[in-house]
Amino acid sequence: MKLLQINTTACDGSDVFWTWLLWLLGVFILGLLLGWLLKQLFGGSAAAGAVNSSKQDLTKVEGIGPKIQGLLHKKGVYSYAQLANCSHAFLEDMIKEGGPAFTTHKGMTNTWPAQAKLADMSEWDELNKWQTVLKAGI
């Protein structure tokens, strides 16, 4: 049993067990606070988006194909709710940044947020009625 005992006295005879325990507890709490702070500063929006945004099939929105969906994913848009909150300017800039292959899609982004809102609310019948009138998102 003597082998399992830990000597917690310092060279000067003082007990260092509680000192080390307090240091470890302090470092642990500091780590938690630092992790929380970093999440708030850098990962808060991404983490919040990731929680409610399992990758949904954005190609169900009229005018969005697999390549446009890829552009949306590069911009961090993975769900209908995120797409519904995108501004027209954001979507047009995304198309412009996509390069010359996407220039034919300019002006098609007008209805994407509204369609995504219907999809997010699971109003599939209403969305399908609207999409029969739309052609390429216009």
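The values are calculated or read from the model by the stated rules, or taken from the named source; none is laboratory data. Everything quoted here is computed from the prediction, not taken from an experiment. All Cβ positions, glycine included, derive from the backbone under ideal geometry; neighbour counts span all protein chains shown. Heads up: the accessible areas ignore ligands, DNA and RNA and are worked out on the full protein's heavy atoms, side chains in. Shrake-Rupley method; radii C 1.70, N 1.55, O 1.52, S 1.80 Å.
For the set 97, 92, 126, the ranking by accessible area, highest first and with no ligand, DNA or RNA atoms included, is 97, 126, 92 under a 1.4 Å probe.
Candidate cross-link partners of residue 129 among the aspartates and glutamates, defined by an alpha-carbon separation under 15 Å and a same-chain spacing of 8 or more, comprise 62. Computing FRET efficiency as 1/(1 + (r/R0)^6) for residue 40 and residue 97, where r is the C-beta to C-beta distance and R0 is 25 Å, gives about 0.30.
With a simple spin-label model that places each label point 7 Å from the Cα along the Cα-to-Cβ direction, the separation between residue 117 and residue 22 comes to 5.8 nm.
In a fully extended conformation the segment linking residue 15 and residue 85 would gain 19.2 nm over its present Cα-Cα distance, using 0.36 nm per residue.
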